[in-house]
1. Search the range 248-273 for residues that are farther than 17 Å from Q116 by Cβ and pair each with any residue that is small (G, A, S) and open to solvent by 10 Å² or more (accessible area, probe 1.4 Å) when their beta-carbon atoms are under 7 Å apart and the residues are at least 6 apart or on different chains.
2. Of all the strands (runs of 3 or more DSSP E) wholly in the range 221-276, which have at least 3 residues that are open to solvent by 10 Å² or more (accessible area, probe 1.4 Å)?
3. Restricting to the range 536-584, and then to whatever is of a type in the set (G, A, S) and crowded, with 20+ Cβ neighbours inside 10 Å, can you tell me which residue is farthest from S512 (Cα to Cα)?
4. Does L63 satisfy the condition of being in contact with a strand residue (DSSP E or B) (Cβ under 9 Å, 6 or more places away or on another chain) and either modelled with pLDDT under 70 or open to solvent by less than 40 Å² (accessible area, probe 1.4 Å) (or both)?
5. What number goes with the only condition from (1) surrounded by 15 or more Cβ atoms within 10 Å (Cβ to Cβ); (2) outside any strand (DSSP E or B) that R428 does not pass?
6. Would you check if T498 is in a loop (DSSP other than H, G, I, E, B), within 27 Å of F432 (Cβ to Cβ) and open to solvent by 30 Å² or more (accessible area, probe 1.4 Å)?
7. Can you list residue pairs whose Cβ atoms sit under 8 Å apart, with the first residue in the range 576-600 being closer than 23 Å to H283 by Cβ and of a type in the set (D, E, K, R) and the second being modelled with pLDDT under 95 and surrounded by 15 or more Cβ atoms within 10 Å (Cβ to Cβ)? Count only pairs 6 or more apart in sequence or on different chains.
8. Mind listing whichever residues of the range 376-413 are within 20 Å of I525 (Cα to Cα), in contact (Cβ under 8 Å) with a residue 60 or more places away in the chain and either touching a strand residue (DSSP E or B) at 6+ places or on another chain (Cβ under 6 Å) or basic (K, R) (or both)?
Amino acid sequence: MGYKSLQHCIEDLERHNHLVRVKEEVDPYLEMAAIQLRVYENNGPAILFENVKNSRYPAVSNLFGSLERSKFMFRDTIDKVKKLIQLKADPTVVLKHPFQYTWVPFTAIKALPRKQYFQKTLLQNEISISDLPQIHHWPMDGGAFVTLPAVYTEDIDKPGVMQSNLGMYRIQLGGNDYIQNKEIGLHYQLHRGIGIHQTKANAKGQPLKVSIFVGGPPANIFSAVMPLPEGISELTFAGALGGRRFKYYYDKDGYCISADADFVITGEVYPGDNKLEGPFGDHLGYYSLKHDFPLMRVKKVYAKPNAIWPFTVVGRPPQEDTSFGALIHEITGDIIPSEVPGVHEVHAVDAAGVHPLLIAIGSERYTPYSQTKQPSELLTIANHILGTGQMSLAKYLFITNKADAPNLTTHQVADYFQHVLERIDLTRDIHFYTNTSIDTLDYSGTGLNTGSKVVIAAAGEPIRQLAKAINNLTLTDGFTDQKVVMPGVLAIQTRPFTTADQARKEINSLSSTLDHQDLSGFPLIVICDDSDFVARSLNNFVWVSFTRSNPSHDIYGVGEFTAFKHWGCQKAIIIDARIKPHHAPVLEMDPEVNKKVDRLGVKGASLHGII
């Protein structure tokens, strides 16, 4: 659907029962976020907040809250865009199906960004940062944040829109030591497109010009988060997906302005100009804490007439950004096999916060003549996966052989774990990478961006039968409430973590006790603060196990050994997934705010029947 604006999209969603209006006054401090969380949890519609306290602007959330709604918004273009992405990933498809792609040149030309010379209405309404809806999402957040920005920068050596970068990086509007209305915080890593532009500008001793677009047609929002193949411009992608060319112009200060955005913030990032940004409730389900990040000195803030402020809430998955991921997969399919030879599937497990856990299926073809099937090519593939793009941030990578179970898929997570646990040779198939990089938002490691990784590979026929019940297992003093999470996985509760030395003593004592017992059906044991919680659902298991552990420090083994610098164990892997003193706090909404939200669900209120 070729939406001309965010307002146009909202009207279309409402006509088709994909949107609800909240007419009551809502507080941008915690309440709006709590409403969004509740509506998303109940698979509800997009939400238009018509009466935002202390703001002249309405706000909208949950636009991308389901794959169904996302596909509906792009119903006229999504199939063609899929083929464009497929063509970019594999140009030979044209040779195989030439008549299916005759429209491609015309679509590509129509998708090119278009410079506007007239109707520059956005520039006629200049406002301040404090005029924007100040949405504060979680109690410990450092201030109000922009959570659906499209951040635009240009290459100082190759200026112009075709060499630009459009990315979605969170923006802190106030709080901490920011000078109100004059400074805001940008959270991004230097390996991102904007970081490359900043590095080039810094090398010349010049500030980086930044334009932040908020709102506009949904294709413009989504293009900022879409991981595109090399050579495809985000602005061109926005035009193709939106069925309407991305329109832009430059203001008198030389900043690029999206002609269709609802709001635009312009400013500069100077070399070495950083301030503390955060805390912020993030997608691992914890806060990211205060750290130095680039400071943007605000130049101008523009708003179109009748502007609408879009936002989302980030928190423990699944959330609306989960649906972003589903839409990305819908459009791209699984393009990883074309980038990593030998891989069939890679799944970044959303319930584990995406980056902590990857599960993959590859080909094992190195020694077809060997009677003993063991991971060989799978380890080469694992190295390639961990060296590719955002997958390099993973901590845990499980990988198995396609030929062993041709119908196995990474998207059936419980089945996948069962397959691996039936086959893993604990003495051979565990491979560590120590003192390496992990996700900035993951505080389970040894410092910011630093921690470890582990590859767990499995190939061949099953070597054990997984247990579904506990059979007279005796535990060491202090370890209690053993629970079966799923076949082959046991959760055991113990006292809170104090120090690494104490944890080592406690778990070594447990290992010694278990070493004399039958563990053949439980190759994976998770030590945790609350075994009932871990065993309650698959999502709880993967979230606790893989977000609260650093492989090199928190993996132990029953009957563990080191031989020629290879670590292994005889009976079971133990993961210490307790909360550690250096971990970031868990996200928890204020219960009083949740009670306040209840008023919108009563009969006669705007969200009756939805929350």
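1. Matching pairs, first to second residue: P271/G205.
2. Working: elements: 247-250, 256-258, 263-269.
Per the criteria, 247-250.
3. Of the range 536-584, the ones of a type in the set (G, A, S) are 537, 545, 549, 552, 557, 559, 563, 568, 572, 577, 584.
Next, from what is left, pick out any that are crowded, with 20+ Cβ neighbours inside 10 Å: 545, 549, 557, 572, 577, 584.
Numbers: S545: 22, S549: 21, G557: 10, A572: 12, A577: 19, A584: 32 Å.
Checking each candidate, the answer is A584.
4. Values: in contact with a strand residue (DSSP E or B) (Cβ under 9 Å, 6 or more places away or on another chain): yes; either modelled with pLDDT under 70 or open to solvent by less than 40 Å² (accessible area, probe 1.4 Å) (or both): yes.
Yes.
5. All conditions pass for R428, except number (1).
6. Details: in a loop (DSSP other than H, G, I, E, B): yes; within 27 Å of F432 (Cβ to Cβ): yes; open to solvent by 30 Å² or more (accessible area, probe 1.4 Å): yes.
So T498 passes the test.
7. Taking only residues 6 or more apart or on different chains, the pairs are K580/S444.
8. Within the range 376-413, K395, Y396, F398 meet the criteria.
The values are calculated or read from the model by the stated rules, or taken from the named source; none is laboratory data. No experiment lies behind these values; they were computed from the predicted model shown. Cβ sites come from the backbone with ideal geometry, for glycine too, and all protein chains shown count toward neighbours. Just the protein is used for accessible areas: all its heavy atoms, side chains included, with ligands, DNA and RNA removed. Shrake-Rupley method; radii C 1.70, N 1.55, O 1.52, S 1.80 Å.
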